[in-house]
Structure formats: structure tokens, C-alpha cells
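Just so it is clear, none of the values below were taken in a lab; they were calculated from the coordinates. Just so it is clear, the model here is predicted, and its values are computed rather than measured. A quick note on method: Cβ atoms are made from the backbone with ideal geometry, for glycine too, and the neighbour counts reach across all protein chains shown.
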Amino acid sequence: MGPLHEVDYFAESVLNPGAVIERGKGYQTVDGSSKMPSFNDSMTAQELIDLVAYLRALQPPQVTRVIEATVMVAPRAERLRR
């Protein structure tokens with residue numbers, strides 16, 4: 001999730017979830033508004049900063065697997081070259 005969007009996108013999505021709604025993914029109600037409630041009045045600024053930092057740090061699962069596979073295969077490949 002993190003590499004897909006900028007920091008501003010995540011902050012706006014939490015504070016004003018109706019600003020950008022991806023159509024066809026089940027995120028909107030029948031009238032077209034967002035299903036997600038606004039957290040504008042229920043979060044402190046620090047909580048918002050922490051949440052956005054967490055969301056930015058998330059990586060898609062396939063990226064993690066590729067890195068793990070590279071780490072596991074690379075030492076073996078180096079031994080084979082010798």
C-alpha cells in the first residue's frame with residue numbers, strides 16, 4: 001500500500017474519505033458517498049501522523065517474497081560460481 005500513494009493521499013483519505021472514492025471496488029454506498037467514516041474529529045494530529053507513517057511503510061506481499069527469495073538464493077548462487 002505504501003508505495004502506491006503519497007502521504008497527502010493517505011491523510012486526506014482518513015480525514016475526508018469522500019474526497020477520492022475508487023469506483024467499482026465496493027467502497028461507496030448506493031448514493032455514491034464513501035462507506036468509510038471520517039476520523040477528522042476523533043484523532044489527534046500525532047495519531048494521524050503515526051497512521052500515515054504506518055500506511056506508507058506497508059509493502060505489497062509479493063515484494064517481500066521477492067526480497068526473501070533473493071536473500072535465500074543469492075548465497076547459494078555465489079557458491080555455485082566458485
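Taking the number of Cβ atoms within 10 Å of each Cβ as an exposure proxy, the fewest-first ranking of Asp8, Asp31, Asp50 is Asp31, Asp8, Asp50. Residue-wise HN-Hα couplings along segment 39-52, as the Karplus relation 6.51 cos²θ - 1.76 cosθ + 1.60 with θ = phi - 60° gives them from phi, are 9, 4, 9, 10, 10, 7, 4, 5, 5, 5, 4, 5, 5, 5 Hz; Gly and Pro carry x. The ranking of Phe10, Phe39 from fewest to most other beta carbons within 10 Å of each one's beta carbon is Phe39, Phe10.
Here the spin labels are modelled as points 7 Å beyond Cα on the Cα-Cβ line, and at Gln46 and Leu4 they lie 3.0 nm apart.
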